[in-house]
Amino acid sequence: MQSLDKRRTFGIISHPDAGKTTLTEKLLLFGGAIQVAGAVKSNKIKRSATSDFMEIERQRGISVATSVMAFHYKDVKINILDTPGHQDFAEDTYRTLTAVDSVIVVIDVAKGVEIQTEKLVEVCRMRKTPIIVFINKLDREGLDGIDLLDEIEEKLGLNVTPLSWPIGMGQRFKGVYSLYEKKLVLFRPHSKQQEDTIEITDLTDPILDKEVGESLADELREEVHMIEEVYPDFDREAYLKGELSPIFFGSAINNFGVRELLDCFIDIAPGPLPRVTEEREVKPEEDQFAGFVFKIHANMDPKHRDRIAFMRVCSGTFQRNTNYLHVRQNRKMKFSNPTSFMAEKKTVIDEAYPGDVIGLYDSGNFKIGDSVTEGEVLHFKGIPSFSPELFRFVNNANPMKAKQLAKGLTQLMDEGVAQLFTKEDNGRQIIGTVGALQFEVIQYRLEHEYGASVQYEPLNLHKACWISCKDEKKLKEFVSRRKRDIARDKDGQLVFLAESAWTLKMAQENFPDVQFHFTSEVEV
Ligand code: G4P
């Protein structure tokens, strides 16, 4: 169990409502991690609650327990890292994607590629994360399979190859033909198992006509013939490099096509991958332990200020009650209650291995991106902040509580709730977020957890981008010419505040040597 190739750590991403929760649940049922359907539902932020951030935070609190769902299937340990479905928490999702080795993207057959899927896949592409696509809800009428593949290629920028192919759809849905296993998987909505598998090595086999009817059988033969002509053969190497994405079809709610997906997934998906640090590449097979924090979850209860820092183990073996180095603070720490997550159960663990995610109780020592090692100074890369899109000036509404406000803001920013920028010309502070809800969350939490209060002032900006330039002089010139639009992030990095897409474009054109980055990870 501890061997590396027996671990799969991945995330499921989708536009809300495509079926991520349902698929997660079916996977957990397969692994025996839960016994009944409906167990994962509590994790979902319900649509009706979108305007009520307290409710959303409450539900997010519940979701701590399901942040990582681990289970065993065919002697492989599978860690599913949950990602919030709500778009206002997209940045949480981006960061969680830094801790996975691969992803499964769920697409609703009727809706096709939706906006949230585009954004999330873009982050995966940036990181060259291997992607498997599951097209869901085949029990409903939807888009034509080939059109959908075109849309996926076009909008998501992926090269695809189907490993299963649907036979009919909606009322006429008969099942899928698995190109991966050369099997006919028949949809039996009224039987207990809901699927029947028949091996067919040759699509001319008359059993196909018997099972799905002549017309659908012919359609399938034709389509499979075309797929084999048009799409490349599945090539695992290309998939592992993030250059080819296999596609599966099914219906999560009916538990159909899920086993095929899971079986193929454990065959082809990568085990724990190396991680890049500023100093060197860290390989999972190394003896010495190293890990990084990718998510911090605060407790909403003001009586319990503790937080949980989620750490991905990257190399070696993590051990409980052992002295480790908190690299940024340059001090030794040990953890007496590290937890692992098995579906809904949280348990204290003694050891964890590369690919595992553990929860560490934290009283404010961690911030996102922090490294913990056996002593080596390592700074993990690839855990950047992303360009926020919504901005407001923050003003201290209670001058007596300036200290509390400063502390509260620092801690909330460390948790990654939002980003704080300080303008170069007048020192004013700006909060930038990916979602509008965060402003309310920050205001509420500052008041309830830190006794500080803020007032916001509207600020219309298009984007904040980090800037860099090989030529120090040119960067200085840009900064002095555009002083009004320059700020620094919490680490002192220079940021350009673009009022509109047009201002950004003009700045890029007028200062061709200056580089504008959409994540904080800036390489000069
Ligand atoms: P999400 O996590 O991606 O947001 O989606 P979720 O799994 O919650 O699924 C969204 C809705 O789609 C749910 O219905 C779910 O039952 C339904 N669904 C999931 N898979 C399938 C499928 O294969 N076929 C069909 N027809 N529907 C599917 P809901 O009515 O919003 O919620 P609920 O009342 O069923 O919980």
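The values are calculated or read from the model by the stated rules, or taken from the named source; none is laboratory data. Here the structure is a predicted model, which means the values were calculated and not measured. Reconstructed Cβ throughout: ideal geometry from the backbone, glycine too, with neighbour counts over all protein chains shown. Side chains are part of the model used for accessible areas, which takes the heavy atoms of the whole protein and leaves out ligands, DNA and RNA. Shrake-Rupley method; radii C 1.70, N 1.55, O 1.52, S 1.80 Å.
Once you charge only the Cβ atoms, +1 for Lys and Arg and -1 for Asp and Glu, what is the size of the charge dipole of the stretch 390-517 about its Cα centre, to the nearest 20 debye? Mind showing how you got there, number by number?
Numbers: 19 positive and 17 negative charges, 64 e Å.
With Lys and Arg at +1 and Asp and Glu at -1, about 300 debye.
Taking the dipole about the Cα centre of the chain, with the C-beta of Lys and Arg at +1 and of Asp and Glu at -1, give me whichever of Phe10, Trp466, Ile167 is farthest to the positive side.
Checking the options against the dipole of the chain, the answer is Trp466.
Considering the dipole of the stretch 350-402 built from charges on the beta carbon (Lys and Arg +1, Asp and Glu -1) around the Cα centre, which of Asn396, Phe386, Gly359 is farthest to its positive end?
Toward the positive end, the furthest listed residue is Asn396.
What number, in percent, do you get for the relative contact order of the chain if the mean sequence gap of Cα pairs under 8 Å and at least 6 apart is divided by its residue count?
Values: 1109 pairs, mean separation 67.8, N = 524.
Reported relative contact order: 13 percent.
Quick check on the chain: helices-only [θ] at 222 nm, where DSSP H runs of length 4 and up contribute -39,500 (n - 2.57) each and the sum goes over total residues. Nearest 500, please. Spell out each step's value before the answer.
Numbers: 13 runs with 144 residues, N = 524.
Helix contribution divided over all residues of the chain: -8500 deg cm²/dmol.
Can you spot the lysines whose alpha carbon is less than 16 Å from Lys423's alpha carbon? Ignore those fewer than 8 places along the same chain.
Answer for Lys423, where 16 Å is the Cα cut-off: Lys463, Lys476, Lys483, Lys490, listed by chain and number.
How far is it, in nm, from the label point at Gln171 to the one at Lys473 when both lie 7 Å from their Cα along the line to the Cβ?
Result for the modelled spin labels: 7.6 nm.
Could you give the length gained on full extension between Asp209 and Asn321, defined as 0.36 nm per residue of separation minus the Cα-Cα distance, in nm? Display every interim value, and only then the final one.
Working: separation 112, 0.36 × 112 = 40.32 nm, distance 6.31 nm.
Result for the pair: 34.0 nm of gain on full extension.
May I ask you to give the solvent-accessible area per residue for the stretch 137-261, in square angstrom, as obtained with a 1.4 angstrom probe?
Numbers: 6160 Å² over 125 residues.
Averaged over the residues of the stretch 137-261, the accessible area is 49 Å².
Tell me, what is the percent relative contact order of the stretch 390-517, built from C-alpha pairs under 8 Å that lie six or more residues apart?
Working: 211 pairs, mean separation 38.3, N = 128.
This gives 30 percent for the stretch 390-517.
About the Cα centre of the chain, what is the dipole size in debye to 20, counting +1 per Lys and Arg Cβ and -1 per Asp and Glu Cβ, all else neutral?
Details: 69 positive and 82 negative charges, 573 e Å.
The dipole magnitude comes to about 2760 debye.
Relative to the longest principal axis of the C-alpha atoms of the chain, give the angle of the C-alpha long axis of helix 145-156, reported between 0 and 90° and rounded to the nearest 10°.
That helix lies at roughly 20 degrees to the long axis.
Asp287 to Asn365: extension gain in nm, 0.36 nm per residue of separation minus the Cα-Cα distance? Show your work: numbers first, answer last.
Numbers: separation 78, 0.36 × 78 = 28.08 nm, distance 2.58 nm.
That pair, Asp287 and Asn365, stretches by 25.5 nm at full extension.
Report, to the nearest whole %, how much of the accessible area of the chain belongs to carbon and sulfur atoms, 1.4 Å probe, protein only. Mind dumping the intermediate values first?
On the way: 10670 of 22660 Å².
About 47 percent, which is the carbon plus sulfur part of the accessible surface.
Taking a probe of 1.4 Å, how large is the accessible area per residue of the stretch 275-373, in Å²?
On the way: 4230 Å² over 99 residues.
Result: 43 Å² per residue.
Note the full-extension length gain between Glu279 and Glu154 as 0.36 nm times their separation in residues minus their Cα-Cα distance, in nm to one decimal.
Working: separation 125, 0.36 × 125 = 45.00 nm, distance 3.69 nm.
Taking Glu279 through Glu154 to full extension adds about 41.3 nm, to one decimal.
What angle do you read, to the nearest 10 degrees and between 0 and 90, between the alpha-carbon axis of helix 501-510 and the longest principal axis of the chain?
The helix 501-510 is inclined about 70 degrees to the chain.
On alpha carbon coordinates alone, what is the Rg over Rh value for the chain, Rh being the Kirkwood radius? Mind showing how you got there, number by number?
Values: Rg = 24.5 Å, Rh = 24.6 Å.
Computed over Cα atoms, the ratio is 0.99.
So what J values fall out for the stretch 362-377 if you push phi through Karplus, 6.51 cos²θ - 1.76 cosθ + 1.60 with θ = phi - 60°, rounded to Hz, Gly and Pro as x?
Result, rounded to whole Hz: 9, 9, x, 8, 9, 10, 4, x, 5, 9, 10, 9, 7, x, 6, 8.
Could you give me the ³J(HN,Hα) list for the stretch 201-206, computed from phi with Karplus coefficients 6.51, -1.76, 1.60 and θ = phi - 60°, whole Hz, x at Gly and Pro?
8, 9, 5, 7, 3, x
Skip the ligands, DNA and RNA, and give the accessible area per residue of the stretch 390-517 with a 1.4 Å probe, whole Å².
Values: 6360 Å² over 128 residues.
Spelled out: the 1.4 Å probe surface of the stretch 390-517, per residue, equals 50 Å².
Note down the magnitude of the dipole of the stretch 239-381 about its Cα centre, charges +1 on Lys and Arg C-beta and -1 on Asp and Glu C-beta and zero elsewhere, to the nearest 20 debye.
On the way: 19 positive and 20 negative charges, 143 e Å.
Magnitude of the dipole: close to 680 debye.
If you wrap a convex hull around the C-alpha atoms of the stretch 435-502 and split its volume per residue, what is the figure in Å³? Provide the component values of the computation, followed by the final result.
Values: hull volume 8.4 nm³, N = 68.
Looking at the stretch 435-502, the number lands at 124 Å³ per residue.
Sort Trp165, Trp502 by accessible area with a 1.4 Å probe, largest first. Mind showing how you got there, number by number?
On the way: Trp165 5, Trp502 165 Å².
The most accessible residue leads, giving Trp502, Trp165.
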